[in-house]
Each structure stands twice: as C-alpha cells, then as structure tokens.
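A short worksheet on the structure shown next.
The values are calculated or read from the model by the stated rules, or taken from the named source; none is laboratory data. Only a predicted model underlies this, so the values are computations on that prediction, with no experimental measurement involved. Note that we place each Cβ from the backbone using ideal geometry, even for glycine, and neighbour counts take in every protein chain shown. Accessible surface is based on the protein model in full, side chains and every heavy atom, while ligands, DNA and RNA are left aside. Shrake-Rupley method; radii C 1.70, N 1.55, O 1.52, S 1.80 Å.
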Amino acid sequence: MDVRSAVRKAKEYIAEAYSDEAIEHVGLEEVDFDDTSITWNVTIGFFPTWQLQGSGGLGNVLTGRSATDWSNRSFKVVKIDARTGEVVSMKIRPVPNVSD
C-alpha cells in the first residue's frame, strides 16, 4: 500500500466512523510510516459540526476566537496495516496548546 492509498483509506474510515455525526473540513494533517510494525499512521483533522454552531456568537466575539480556530479542531491518527490495507486503530492525536 502506497502513501496515497493509505491517506484515502484513512479519510474513508473517518467518514464512516463519524457518519452519524456531522463533521466538516476534513483534511490530511500528517503521515508517518512505521518500519517496525509496517503500518501507516495517518493524522486526519476535522471540525465536528456541533463545535461550529454559533460561530458568530457573542462568546466568540468577546474572546476574539473563531469557532473554526485550531483549538476546536479534532485530530485522529488512523493506523493502517501497509500489507493488508486494513485499519488497525484510530486514536486521538493530542496537540499541544500553542498559547503555552
């Protein structure tokens, strides 16, 4: 399995896993190949629609934040077996707070 196939598989998996929830702005964030386990680790980012609601609300105006800023974005690492093309796992990708 090449990198483009792994990315496509990861995006399809995310779309299926969250099919009952509305997500938007799904995009590739990073890809890593693990030689030891022969897996692709594909990070996909997206905005859950419930976090986008009220994007023009008073709370965001007062804090100066947009509902689509990075602190509202979810990141998942989809691990894919490079030999079989099967998804092995999906985990939360923690992102450090940039304001720290």
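Here are some notes:
- Tabulated pairs, segment 15-30, first more than 11 Å from Phe47 (Cα to Cα), second assigned to a helix (DSSP H, G or I) and among the charged types (D, E, K, R), C-beta under 9 angstrom, 6+ apart or interchain: Leu28/Lys11
- Here Gln53 fulfils each of the conditions (1) open to solvent by 50 Å² or more (accessible area, probe 1.4 Å); (2) modelled with pLDDT of 95 or more apart from (2).
- Qualifying residue in segment 65-88 (condition: modelled with pLDDT under 95, in a strand (DSSP E or B), of a type in the set (A, V, I, L, M) and open to solvent by 80 Å² or more (accessible area, probe 1.4 Å)): no
- Scope segment 1-53; condition in contact with a helix residue (DSSP H, G or I) (Cβ under 8 Å, 6 or more places away or on another chain) and assigned to a helix (DSSP H, G or I); matching residues: Gln51, Leu52
Okay, residues lined up against (1) within 10 Å of the chain's Cα centre (by Cα); (2) modelled with pLDDT under 95:
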site	(1), (2)
Tyr13	no, no
Ser19	no, yes
Ala22	no, yes
His25	yes, yes
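- Residue match in segment 2-13 (condition: closer than 16 Å to Ser74 by Cα, open to solvent by less than 50 Å² (accessible area, probe 1.4 Å), in contact (Cβ under 8 Å) with a residue 24 or more places away in the chain and not charged (D, E, K, R)): yes
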